[in-house]
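Okay, so here's the structure we're looking at.
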Amino acid sequence: MSELLPFLPGFLAAFSILLVAASSPGPAVAMLLGISMSRGRTAALVTCLGIACGSSLINLATMLGVGLLLSKAAWAMQLLRLIGAAYLAWLAYGAFRKAANPPALATGPVPARSAARLFAAGFALQVTNPKAIVFWLAIAALGATAGGGALVYAAFFTACWLISFGCHAAWALLLSSAPVRAAYTRARRSVEATLGVLFSVFAFKLATSR
């Protein structure tokens with residue numbers, strides 16, 4: 001375990017961004033809302049498995065892609081950080097705008113699906129979600145696993161999968177309860193305002209990190 005200690009600061013920075021990304025309302029949460037309301041908790045949790053696996057695929061792809069990019073151009077890291085910071089700043093703006101005027105929650109009808117189709121739907125949604133992709137690019141730009149061995153990579157990917165699944169599963173469990181859905185609707189302004197502050201902080205830290 002001592003091999004992991006030098007990487008803990010980078011891990012914590014990456015995990016904090018991932019925690020906010022996975023917890024913040026977006027396409028995945030909208031999908032889970034619809035499935036939770038129409039199909040129940042079990043169906044929503046199966047979808048969460050697909051979302052978490054899709055997140056892991058993006059994680060792997062961005063880590064490999066960023067490593068290849070940085071091996072070709074030393075300036076790429078700073079450029080990638082600035083792009084990630086700009087997107088986080090845009091998300092902060094969007095969150096503050098929603099806090100001022102929350103849009104209606106639209107879930108739409110959810111057709112009956114097998115467990116395999118629910119998993120595939122969650123997976124497909126996540127791997128094509130621009131928000132998820134840019135968040136993972138921002139995380140990769142932190143270089144949390146740079147210079148690490150197999151244990152470091154395994155620990156990082158496992159922890160990231162658990163965070164992604166845990167956050168989305170929490171949404172699935174909460175949104176399948178009518179009282180919680182009502183409370184979330186009432187508190188959306190505060191939720192979005194808090195997300196706006198967090199996105200702003202992460203954008204600043206990412207843009208100024210070296």
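Every number here is computed from the coordinates shown, using simple stated rules; none is lab data. As the structure is a computational prediction, the values presented were derived from the model and not from experiment. For neighbour counting, all protein chains shown are included, and Cβ atoms are generated from backbone atoms with ideal geometry for every residue, glycine included.
Quick one, what does Rg over Rh come out to for region 1-42 if you take C-alpha atoms and the Kirkwood Rh?
With Rh from the inverse mean 1/r over Cα pairs, Rg/Rh is 1.28.
Can you give me the distance in nm between label points at Leu5 and Leu64, each placed 7 Å from the Cα along the Cα-to-Cβ direction?
3.3 nm
If I model a spin label as a point 7 Å beyond the Cα along the Cα-Cβ vector, how far apart are those points for Ala150 and Leu79 in nm?
3.4 nm
Using the per-residue mean of other Cβ atoms lying within 10 Å as a proxy for protection, in what order, highest first, do the peptides 166-172, 186-192 fall?
By packing density, highest mean first, the sequence is 166-172, 186-192.
Return the FRET efficiency for the residue pair Phe204, Leu162: r is the Cβ-Cβ distance, R0 is 45 Å, and the value is rounded to the nearest 0.05.
0.95
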